[in-house]
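Asks: I have a structure I would like to understand better, so I am pasting it below and will then ask my questions one at a time.
Where a number appears in this text, it was derived from the coordinates with a stated rule and is not lab data. The structure presented is a predicted model; accordingly, all values stated were derived computationally and were not measured. Cβ: placed from backbone, ideal geometry, glycine included. Neighbour counts: every protein chain shown.
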């Protein structure tokens with residue numbers, strides 16, 4: 001039985017502090033449907049206090065005025081502490097959102113550590129100041145920290161996404177208010193402890209779990225200089241709308257409906273082994289999941305049979321069991337959403353090749369079988385809308401030109417992959433697909449390169465020097481001739 005975890009204080013400006021509101025967030029296990037923890041619900045007054053402290057820390061405090069090496073030392077201690085406490089972090093996340101424990105260890109906890117490590121490498125090599133010869137004389141171009149950052153993160157990969165925003169913000173000298181999702185706030189309290197012990201100065205970091213209303217108040221706060229948001233397209237559009245009132249800078253990492261394209265010459269066994277974890281990763285609750293699989297009609301039956309067998313063999317169960325490959329969805333609403341789409345897919349004429357309902361023997365918990373639809377047309381809702389659950393579409397295509405058209409025929413453009421015996425041809429194919437990231441015969445996310453989306457999948461980039469620059473303002477200083 002999972003031990004009840006209860007927090008009575010909020011982490012504001014680097015100190016554990018009694019909340020100014022009276023609300024409480026109860027965290028429910030998606031496996032047992034029982035309460036496993038509680039945290040204070042941050043109020044608008046708590047937001048005001050956190051922003052004021054962050055503003056003071058940035059305008060007057062030492063953090064942005066430290067050397068880069070000094071900031072790297074603090075962020076390195078955060079990274080190292082996550083490595084030490086990675087099992088605790090992984091268990092916390094799996095208990096809250098149903099991620100399989102083995103996946104939480106690698107992607108949620110150690111993945112976050114890799115984000116910090118990569119950001120440190122990028123920050124150490126970044127050109128913060130350079131001289132150029134301008135059209136009218138010499139100029140000095142500086143990159144300076146953006147200021148107070150509101151980092152709003154989702155429940156599916158909370159520690160990883162927190163790192164994607166905290167690492168560049170902290171390394172460049174900004175202060176941060178981290179707003180975790182009410183479904184999965186417990187691991188952020190572990191992070192707060194880690195940050196405090198790492199030696200962040202007063203005011204530099206606050207952690208405020210809250211619902212949509214308070215989140216909107218934070219996003220629209222005049223004391224915030226930048227909003228970094230990860231979540232749904234609808235929520236991202238609202239963030240941009242609210243932030244625009246103050247002309248607050250935003251980066252948005254939003255949804256996806258990514259296509260994995262199997263070319264006729266692909267090795268089927270290796271391709272299926274690569275696609276299955278990419279399609280059903282984190283119980284299908286991943287923006288980059290390869291949820292549209294495009295197969296050539298000449299090999300469609302073989303692909304369908306192999307994928308259905310692989311999906312049916314996935315081990316579904318308790319997310320804290322190391323053998324589990326697919327856990328429960330984060331909330332009952334997400335379970336119902338997937339079941340509704342399964343019904344819609346059948347009504348649209350698609351054929352269930354694997355799964356299609358609740359797993360046998362798991363009557364308790366918000367479980368949905370790993371489900372594969374065949375005979376899917378790209379115009380169907382199940383192929384166009386982000387389900388965010390373990391429901392995957394298999395779409396047949398004729399020639400390669402049609403495969404490109406189908407891959408691009410989406411309001412999203414976040415990820416994708418191509419599987420082929422000819423890597424150079426795969427690279428050419430990748431050039432024709434309008435997504436922010438793409439894979440050839442693999443599936444990964446490299447934190448030294450830019451990550452983000454085309455179209456409705458987002459605005460701006462995370463990771464690499466491109467992601468670091470999102471947390472910097474660019475200043476031009478004109479110099480006298482001969483300087």
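Asks: How long is the gain from residue 45 to residue 241 if the chain were fully straight, where each residue apart is worth 0.36 nm and the alpha carbon distance is subtracted?
Replies: Gain on stretching residue 45 to residue 241: 68.3 nm.
Asks: Shifting gears a bit: Say each of residue 309 and residue 340 gets a label point 7 Å from the Cα, pointing the same way as Cα to Cβ; how far apart are those two points in nm?
Replies: If labels sit at residue 309 and residue 340, their model points lie 3.6 nm apart.
Asks: Rounded to the nearest 0.05, what FRET efficiency do residue 301 and residue 431 have when you use their Cβ-Cβ distance and R0 = 22 Å?
Replies: 0.15
Asks: Moving on. Place a point 7 Å from the Cα of residue 141 along the Cα-to-Cβ direction; which residues of region 440-469 have their backbone N under 17 Å from it?
Replies: Only 465-469 pass the distance filter.
Asks: If one computes the Cα centroid of region 345-363 and of region 258-298, what distance in Å separates the two points?
Replies: Taking the Cα centre of region 258-298 as reference, the centre of region 345-363 is 19 Å away.
Asks: Just order 90-97, 144-151 by mean Cβ neighbour count inside 10 Å, highest at the front, would you?
Replies: Highest to lowest by the protection proxy: 90-97, 144-151.
Asks: How many nm separate the modelled label positions at residue 83 and residue 234, each set 7 Å beyond the Cα in the direction of the Cβ?
Replies: Distance between label points: 4.2 nm.
Asks: How big is the Rg/Rh ratio for region 249-336, C-alpha atoms only, Rh by Kirkwood, two decimals?
Replies: Using Cα coordinates only, the ratio equals 1.04.
Asks: Just to be sure I understand: of the beta bridges DSSP finds with both ends in region 117-263, what percent are antiparallel, rounded to 5?
Replies: If I count the DSSP bridges inside region 117-263, around 25 percent turn out antiparallel.
Asks: Nearest 5 percent is fine: what portion of the DSSP beta bridges confined to the chain is antiparallel?
Replies: 45
Asks: Consider all pairwise Cα distances in region 424-470 and report the whole-number % of them above 17 Å.
Replies: Percent of Cα pairs beyond 17 Å in region 424-470: 40.
Asks: For a label point 7 Å from the Cα of residue 360 along Cα→C-beta, name the residues of region 311-338 whose backbone N is under 20 Å from it.
Replies: Output list for this probe position: 311-318, 324-328.
Asks: Now for a different question. In 10 Å bins starting at zero, report the fraction of Cα pairs in region 127-275 per bin as a rounded %.
Replies: Histogramming region 127-275 at 10 Å steps yields 10, 32, 25, 17, 13, 3, 0 percent.
Asks: May I pose another question? Cα atoms only: what Rg and Dmax, in Å, come out for the chain?
Replies: 23.0, 79
Asks: Turning to a different aspect of this structure: Which whole number of Å³ per residue matches the convex hull of the alpha-carbon atoms in region 327-374?
Replies: Each residue corresponds to 63 Å³ of Cα convex hull volume.
Asks: Can you give the translational diffusion coefficient of region 259-446 in µm²/s, computed by Stokes-Einstein from the Kirkwood radius over Cα pairs at 25 °C and 0.890 mPa s?
Replies: 149
Asks: Counting residues in region 109-195 as N, plug N into 2.2 N^0.38 Å and put the Cα Rg over that result.
Replies: Compactness ratio reported: 1.38.
Asks: Moving on. Sort 286-298, 67-79 by the packing proxy (mean of other Cβ within 10 Å over each peptide's residues), most packed first.
Replies: Put in order of decreasing packing, that is 286-298, 67-79.
Asks: Using only the alpha-carbon atoms of region 289-330, report the extent along each of the three principal axes, biggest first, to the nearest angstrom.
Replies: Between the extreme Cα coordinates on each principal axis of region 289-330 lie 41, 18, 12 Å.
Asks: Quick one: work out the % antiparallel among DSSP beta bridges in region 259-446, nearest 5.
Replies: In region 259-446, DSSP labels about 15 percent of beta bridges as antiparallel.
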